[in-house]
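**Student:** Shown below is the structure under consideration.
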Amino acid sequence: MAKNRYYKLGEKAHQFFDPISHTQITGKQVISLEKDPTNKVFTAAKAGGHIVVASEEEYNTWAVIAAQDEEIKNMKLGIDTPTKDIKAPTLEKGIISIDKGLSQDDLEDVLDEMTNSELIQAITNYGFDNADIKAAKGLMKNHTKLVEFIMKQYPVYTEEK
């Protein structure tokens with residue numbers, strides 16, 4: 001079994017996204033990868049200090065904090081979360097998601113807290129079709145319009161599921 005590698009943003013970086021490997025790091029997030037992507041974007045980001053190697057301890061600490069933050073957010077929204085062992089999420093499984101059945105007000109609050117990249121990942125994981133994902137990507141420069149677009153399309157996908 002291969003040992004995972006852990007990465008976080010460098011000191012001056014705010015976010016990182018590699019469209020080839022779909023690797024994304026935002027804020028103080030620490031990610032785990034089984035295998036390093038070998039494409040130019042990831043390699044250049046590593047070499048330039050945009051992303052740096054993190055320890056397993058940093059990853060585990062971040063995972064616990066992220067799980068606690070998620071639990072607090074769910075409590076504010078009135079969503080019951082079953083008590084379970086806190087396990088670090090992995091990007092490969094798509095950790096950014098939109099809960100089904102949220103009211104419009106709760107949905108808007110959740111979407112407003114997400115970055116544009118997280119919004120795109122969330123609607124992709126939720127099951128929006130390619131045409132809507134493409135339209136949403138066209139709105140990435142304007143967070144408010146992107147949120148409004150998702151709010152408008154969300155009921156369509158909620159009814160289908």
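Throughout, read-outs are computed from the coordinates displayed, never taken from laboratory work. Only a predicted model underlies this, so the values are computations on that prediction, with no experimental measurement involved. Glycine gets a Cβ as well: all are built from the backbone with ideal geometry, and neighbour counts include every protein chain shown.
**Student:** In what sequence do H22, H50, H14 fall when counting other Cβ within 10 Å, fewest first?
**Tutor:** Listing H22, H50, H14 from fewest to most nearby Cβ atoms yields H14, H22, H50.
**Student:** Take S21 and D109, extend 7 Å from each Cα along the Cα→Cβ direction, and tell me the distance between the two endpoints in nm.
**Tutor:** Between S21 and D109, the simple spin-label model gives 3.7 nm.
**Student:** Now, a different point. For a label point 7 Å from the Cα of E34 along Cα→C-beta, name the residues of the range 1-23 whose backbone N is under 11 Å from it.
**Tutor:** Label zone hits: 1-4.
**Student:** Give a quick list of GluC sites (Glu not before Pro) in the range 1-79 that DSSP marks as loop, anything other than H, G, I, E or B, with at most 10 other Cβ atoms within 10 Å.
**Tutor:** E11
**Student:** Please report the spacing between the Cα centers of the range 131-155 and the range 1-29 in Å, no decimals.
**Tutor:** Taking the Cα centre of each part, the range 131-155 and the range 1-29 sit 24 Å apart.
**Student:** I've got another one for you. For M140 and A47 in one chain, what is 0.36 nm times their gap in residues minus the Cα-Cα distance, to one decimal in nm?
**Tutor:** Between M140 and A47, full extension yields an extra 30.7 nm.
**Student:** Right, here's the next one. Only loop residues by DSSP count here, and only those with at most 14 other Cβ atoms within 10 Å; note down the trypsin sites (Lys or Arg not before Pro) in the range 114-146 that meet that.
**Tutor:** Counting only loop positions with at most 14 other Cβ atoms within 10 Å, the trypsin sites (Lys or Arg not before Pro) in the range 114-146 are K141.
**Student:** Given R₀ = 35 Å, what would the calculated FRET efficiency be for E58 paired with M151, taking r from the Cβ atoms and rounding to 0.05?
**Tutor:** 0.50
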